[in-house]
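A.B. asks: Here's a structure for you.
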Amino acid sequence: MARNAAFAAIAIAALIAVPFVAPHAEYALDVLFLIFLYGAMATAWNLVGGFAGQVSFGHAAFLGIGAYATAIMTQNGISLWISVPVSALLAGAYSLVIGIPAFRLRGPYFSIATIGIGEATRLIARNWSSLTGGVSGLTLSSAPPLLLQYFAALALLVAAVGLAAWIRASRFGYALAAVRQDTDAAETLGVATTVAKTQALFLSACILGVAGSVYALHYLFVSPDSVFGFSTSIALVIMPIIGGLGTVTGPLIGAVIYTFIREQLAATLANVDLLAFGVLLIAIVVFEPRGILGIADRIRRMRKPPAVTVPDG
Amino acid sequence: MSYGLALIYGVLKIINLANAGFLMLGAYVTWWLFTAYHVDPLLAPLVIIPVFFLIGVGLERTLVRRVLGSEPIISLLLLFGVWLVLQNLAYVIWTGDTRSIENSFIESTVKLGGLQLSIPRLYVFAMGVLSLIALQLFLTRTYLGRAIRATAQDRDAARLVGVDVDRVMGIAFGIGIALAGFGGSLLSLLFSFTPDFGRVLSLKSFCIVVLGGLDSIVGVAFGSVALAIAEAFGVRYMPASMQDLISFVVLVVVLVALPKGIVGTLRSLRRG
Amino acid sequence: MRHSFLALAAAAVACSVVAAATPVATHADNGPTEVVVGAVLPLTGEESTVGTYYKAAYELATKEINDHGGVELRTYGRKIPVKLIIYDDKTDAATSRNLYERLAVQDHVDAMLGGYSTDLVQAQTVVPNQHQIPYVGGGGAASAIYKRGFKTIFSLLASIENLAYTECDFIEEMQAAKKLPKPLRMAVVFENTPHGQDFARGLAQRAKAKPQSFQIVMNEAFDLHGKDFTPLLQKVKATNANAFMADAHLDDYITMQRQYTQAGMHHAYITYGARGPDKKGRDALGKSADYIVAASWWNQAIPNAAVKAFDDKWAKAYPKLNTEWYSALPYETARTLYIALTETGSVDKAKLVETLRHIDIRDTVLPGGHIKFPADGQIEAPFVVTENLPDGKTVIVYPHAEKTGEAVLPVPGS
């Protein structure tokens, strides 16, 4: 644990130093910013999808609510000190509205229901034009300085990963793990499974709400199809699975891979990126459901004599 | 296409997200045969059904079987991956341009007692009803069909009475995929489409399956009618652009309130 | 162990930083080696037909400039060739915005040419505004885009409200000639974008001002890039409208008009806003596209020498692409940018914006021939009204200056 913390401290310090070492590398800072943002979002998804084993295909809804809330409040001249926390809470509140009924469903049914919820949210946003600007969405006219955005996204990532690490080691984390492994058995052991799932979803939604704020202020443009889009939800599913479902650093590793592949392919070879992710996803699910961290684990065991290891994530 | 979903679910207890991909692929193959080889779109299913059946059997053998034992979420994710691959393969091959099939049949209409009806719509409706009846007959009147039903009810018991369960599951998956492709081919006569074509429709078909209960074929017919009525009425009172919302809301409400579907709930009420 | 992955990530990050931190080539006093111009267009997806035309038109105008050695920039005392970068946004607004960002921060473009279709243009224009890069567009007509106070954005596409007014003027002329019923009971359906809202607003204002000529009996938005409009059309059928007033993009127009015909619907007057004469639509719809009236920014039938010359030039460059308004508008868009660059005499962005603000070009192929931007940046050019006639013929029926034939109204058989 101490080594983990020390390594994390060095990594954070290095990332803080980047903008001062290379202040003119606008594009590199842009890519790093995206990695932070996606990393935080993937970590948030993983609290529900990985820790509690409730795979959601509708998580873009929370990002969208945060993004719209911030965009609307910013257009009305409300300070970010107010709008960002409010965005987080609105996303959290929405998670309760949909989580309480949806968690009556188990496993795959929950997943299917979340597709429906995500699509319904997007359709409402498209049609509620007076609030959301309809299909064309809302635009903001000026962004905070890139440096500020960079540090905001970094802070969000650190907070999300820190929260995930803390949850994993806590009683709450064990309750979620029990839900994932066997919900009925967890119930008999006295775990309030629905409460635990709902709490995880709430925290996850709040992080995505803040990510939505950061998104809106960076892109200056929020539309139903961009923030509520199914492709956003898909990205949130893909990243943690690639990295390692239910681990602390897996989603972040997934986010790095996802962002690099997408940045390389998006402008030139449209959709080849998602094709590659689809193939990767199938391969991981069939051969190593623990993702890249699982593969690393195998390689390590091949090199070293077998020993009892506690996965440390 | 809902029947495909119901069949796969019933036999394998797997929710097949790849259905959306095969539905879309059915539409594209129909379009491609028509534009490249001038194959009449009405004949395309003759190619699609056997080919998709084989693809389904192959998919079951190579991938699905490997994850049957693990948590249900793993098979869901696997088929989600298959869908992602199919959809983006279609984007790479055919781009995201909107495609549609245009010939004189598609435009034709018939007057029936003052009502002008679109012939392709009637045709698609008739084919839907016919294939549902055929499927029902197959499942109740043939050995293979009965074996499929037995496997759906209890895999181990079926094995005990001598059903080749592995083979049956492959065939059931193949039929499910073939029906999805057939459905896509039919729908290409009515709508224009992009590689994202299957998503909303398969959510709808899932909604139908859920409405009718997840493992009854009669329920599927019932679910289709129920959703169609809900949409037709809903649209009168809300903007047409919100039409799809109806099915999503119905889906979520039914899943939450009546997890056994309407038919299942009625049944358990009668028994209770 | 696990750390090796964090280390790997950190290494990857470091590499990217070093690569991106290598200084951007700054040009000396004798000017840049090339003028970099960028655009992001919907080359695939729902708007790919029009996007492909925009690309062809931008390339044609750029080739003409480069064939003469480039743009003449007097500050550097020579001609400098133009490098045109075009990306594909797949008809997705978020992608479009991100790729414009890429043009700004990675490709360091000197100026931008616009994308196509209202919702994408609305999203992408935040980028040139944020980076203060001159942006000349010909693809976003909704007036809302230009009411946001963005100072570096200019557009050659006149607003949809004016399009609606022009159609109303034409309808009144037809009513006076007893060719259309008075009042005209309009079923208005529009895509739920600022484009469609502009159209509906324009018609609503006319209906309010002249209730004896126009009545609105239905007013409803539909989803952009929809796949099934039958429920909407059923609602239209249930009204007593005698005019079907739709505003739709090309793909929606084709889908909707096919379903309109399948549902056996008839009205004395049918319009889809700017859609109708498009060759793609006529090929796809056949007879179903006959008698559709459209108000458009341009038509190849405009009877004047400049239009004829452009039509010939286009046909020679792109024998497979019919000449459409979306050939002429983007061509003039790129030409406007190059003329403005020449007048500015350098690639100084602020000066280029200043030039564009005061530019006055006379010899264009647009109706009226005149390009000049008011304070909000959106041109105020006249429209031409066309009607599709059987056998693929299209005539200009309004205004009188451009007229090439007589309108056949009401729609026969209605």
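A.B. asks: Please enumerate the residues belonging to region C:118-139 that are in a loop (DSSP other than H, G, I, E, B) and at the interface with chain A (Cβ under 10 Å from one of its Cβ atoms).
C.D. replies: Once the filter is applied, which keeps residues that are in a loop (DSSP other than H, G, I, E, B) and at the interface with chain A (Cβ under 10 Å from one of its Cβ atoms), region C:118-139 yields only C:T125.
A.B. asks: Starting from region B:179-203, take each residue that is assigned by TED's automatic domain parsing to the domain that holds B:V29 and free of Cβ contacts under 8 Å to residues at least 40 places away in the same chain and list its partners that are in a loop (DSSP other than H, G, I, E, B) and of a type in the set (K, R), counting only C-beta distances under 8 angstrom and pairs at least six apart or across chains.
C.D. replies: Listed pairs, sorted by first residue: none to list.
A.B. asks: So which residues in region A:235-270 are crowded, with 21+ Cβ neighbours inside 10 Å and within 12 Å of chain B (Cβ to nearest Cβ)?
C.D. replies: Within region A:235-270, A:A235, A:V237, A:I238, A:P240, A:I241, A:I242, A:L245, A:G246, A:A270 qualify.
A.B. asks: Go through region C:293-309 and count every residue that is crowded, with 23+ Cβ neighbours inside 10 Å and in a helix (DSSP H, G or I).
C.D. replies: 0
A.B. asks: Pairs only if they're at least six apart or on different chains, beta carbon under 9 angstrom, first in region C:90-108 and facing another protein chain (nearest Cβ under 7 Å) and under 13 Å from C:Q130 (Cβ atoms), second of a type outside the set (A, V, I, L, M) and in a helix (DSSP H, G or I); list them, first residue then second.
C.D. replies: Short answer, once both residue conditions are applied: C:R97/A:Y219; C:R97/A:S226; C:R97/C:Q124; C:V105/A:E26; C:V105/A:Y27; C:V105/A:D30; C:V105/C:H131.
A.B. asks: For region B:44-84: of the residues being within 16 Å of A:L245 (Cα to Cα) and small (G, A, S), which is surrounded by the fewest Cβ atoms within 10 Å (Cβ to Cβ)?
C.D. replies: Looking at the filtered set, the residue picked out is B:S70.
A.B. asks: Could you grab the pairs with beta carbons closer than 6 Å, sequence gap of 6+ or different chains, first residue in region C:397-412 and not assigned by TED's automatic domain parsing to the domain that holds C:E167, second one among the aromatic types (F, W, Y) and assigned to a loop (DSSP other than H, G, I, E, B)?
C.D. replies: Close Cβ pairs (under 6 Å, with a partner that is among the aromatic types (F, W, Y) and assigned to a loop (DSSP other than H, G, I, E, B)) amount to C:V411/C:Y291.
A.B. asks: Scan region C:160-216 for residues that are under 23 Å from the mean Cα position of the chain (by Cα), part of a loop (DSSP other than H, G, I, E, B) and without any contact (Cβ under 8 Å) to a residue 60 or more places away in the chain and jot them down.
C.D. replies: Once the filter is applied, which keeps residues that are under 23 Å from the mean Cα position of the chain (by Cα), part of a loop (DSSP other than H, G, I, E, B) and without any contact (Cβ under 8 Å) to a residue 60 or more places away in the chain, region C:160-216 yields only C:N192.
A.B. asks: Could you please find all residues in region A:10-53 being away from chain C (no Cβ under 12 Å) and either over 29 Å from A:A67 (Cβ atoms) or of a type in the set (S, T, N, Q) (or both)?
C.D. replies: A:T43, A:N46
A.B. asks: A further question follows. Would you check if C:R275 is closer than 24 Å to B:T98 by Cα, surrounded by fewer than 24 Cβ atoms within 10 Å (Cβ to Cβ) and within 24 Å of the chain's Cα centre (by Cα)?
C.D. replies: No, not satisfied.
A.B. asks: Go through region C:148-161 and give me each residue that's in contact with a strand residue (DSSP E or B) (Cβ under 9 Å, 6 or more places away or on another chain) and more than 11 Å from chain A (Cβ to nearest Cβ).
C.D. replies: C:T152, C:I153, C:F154, C:S155, C:L156, C:L157, C:A158, C:S159, C:I160
A.B. asks: State whether the residues of region C:248-265 include one that is in contact with a strand residue (DSSP E or B) (Cβ under 7 Å, 6 or more places away or on another chain) and either of a type in the set (V, I, T) or more than 12 Å from chain B (Cβ to nearest Cβ) (or both).
C.D. replies: Scanning region C:248-265, I find at least one residue that is in contact with a strand residue (DSSP E or B) (Cβ under 7 Å, 6 or more places away or on another chain) and either of a type in the set (V, I, T) or more than 12 Å from chain B (Cβ to nearest Cβ) (or both), so the answer is yes.
A.B. asks: Condition test on A:A200, is it of a type in the set (A, V, I, L, M), more than 9 Å from chain C (Cβ to nearest Cβ), more than 30 Å from C:R102 (Cβ to Cβ) and surrounded by fewer than 24 Cβ atoms within 10 Å (Cβ to Cβ)?
C.D. replies: When the stated conditions are applied, A:A200 does not pass them.
A.B. asks: Counting residues that are within 14 Å of chain C (Cβ to nearest Cβ) and within 19 Å of B:G21 (Cα to Cα), which helices (runs of 4 or more DSSP H) fully inside region B:32-116 reach at least 3?
C.D. replies: Qualifying helices (runs of 4 or more DSSP H): B:72-94.
Each row is one residue, and each column tells you yes or no for (1) of a type in the set (A, V, I, L, M); (2) outside the structural domain of C:E34 (by TED's automatic domain parsing); (3) under 27 Å from C:T125 (Cβ atoms).
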| site | (1), (2), (3) |
| --- | --- |
| C:G286 | no, yes, no |
| C:A289 | yes, yes, no |
| C:I292 | yes, yes, no |
| C:S327 | no, no, yes |
| C:K372 | no, yes, yes |
| C:T394 | no, yes, no |
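A.B. asks: Quick check on region A:127-134. Is at least one of its residues on the phi > 0 side of the Ramachandran plot and part of a helix (DSSP H, G or I)?
C.D. replies: yes
A.B. asks: Output yes when any residue across region A:66-89 is within 9 Å of chain B (Cβ to nearest Cβ) and on the phi < 0 side of the Ramachandran plot, and no when none is.
C.D. replies: no
A.B. asks: Moving on to the next point. Which condition number in (1) in a helix (DSSP H, G or I); (2) at pLDDT 95 or above; (3) farther than 23 Å from C:F244 by Cα is the one that C:F154 fails?
C.D. replies: Result: C:F154 fails condition (1) only.
A.B. asks: List pairs: first in region B:209-238 and in the same structural domain as B:V254 (by TED's automatic domain parsing), second at pLDDT 75 or above and among the charged types (D, E, K, R), Cβ under 8 Å, 6+ apart or cross-chain?
C.D. replies: What qualifies is B:L227/B:K204; B:V235/C:K235; B:R236/C:K235.
A.B. asks: Hey, another quick one. Within the group C:D283, C:D247, C:D312, C:D290, which residue is acidic (D, E) and buried (at least 22 other Cβ atoms within 10 Å of the Cβ)?
C.D. replies: Every option except C:D247 fails the conditions.
A.B. asks: Looking at C:L366, C:L321, C:L329, which one is within 16 Å of the chain's Cα centre (by Cα) and either surrounded by fewer than 21 Cβ atoms within 10 Å (Cβ to Cβ) or not in a helix (DSSP H, G or I) (or both)?
C.D. replies: C:L366
A.B. asks: Turning to a different aspect of this structure: Condition first: more than 22 Å from A:I78 (Cα to Cα), outside any helix (DSSP H, G or I), acidic (D, E) and over 21 Å from the mean Cα position of the chain (by Cα). Can you find one or more residues in region A:179-189 that meet it?
C.D. replies: Taking every residue of region A:179-189 in turn, at least one turns out to be more than 22 Å from A:I78 (Cα to Cα), outside any helix (DSSP H, G or I), acidic (D, E) and over 21 Å from the mean Cα position of the chain (by Cα).
A.B. asks: Tell me yes or no: at least one residue of region C:373-380 is under 17 Å from the mean Cα position of the chain (by Cα), loosely packed, with under 15 Cβ neighbours inside 10 Å and in a loop (DSSP other than H, G, I, E, B).
C.D. replies: Checked region C:373-380: at least one residue is under 17 Å from the mean Cα position of the chain (by Cα), loosely packed, with under 15 Cβ neighbours inside 10 Å and in a loop (DSSP other than H, G, I, E, B).
A.B. asks: If you go through region C:256-274 one residue at a time, do you hit one that is at pLDDT below 90, touching a Lys or Arg at 6+ places or on another chain (Cβ under 9 Å) and at positive phi?
C.D. replies: Yes.
A.B. asks: May I pose another question? What do you reckon, is B:L122 within 20 Å of C:R258 (Cβ to Cβ) and without any contact (Cβ under 8 Å) to a residue 12 or more places away in the chain?
C.D. replies: In short, no.
A.B. asks: Listed residues C:D92, C:D119; which is of a type outside the set (G, A, S), within 18 Å of C:L157 (Cβ to Cβ), modelled with pLDDT under 90 and surrounded by 20 or more Cβ atoms within 10 Å (Cβ to Cβ)?
C.D. replies: None of the others qualify; the one that does is C:D119.
Here's the yes/no breakdown for (1) away from every other protein chain (no Cβ under 14 Å); (2) of a type in the set (F, W, Y):
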{"position": "C:D290", "(1), (2)": "no, no"}
{"position": "C:A295", "(1), (2)": "yes, no"}
{"position": "C:Q300", "(1), (2)": "yes, no"}
{"position": "C:F310", "(1), (2)": "yes, yes"}
{"position": "C:A315", "(1), (2)": "yes, no"}
{"position": "C:E324", "(1), (2)": "yes, no"}
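The values are calculated or read from the model by the stated rules, or taken from the named source; none is laboratory data. Computed from a predicted model, the values in this text were never measured in an experiment. Because the Cβ atoms are built from the backbone with ideal geometry, glycine has one as well, and the counts that use them run over all protein chains shown.
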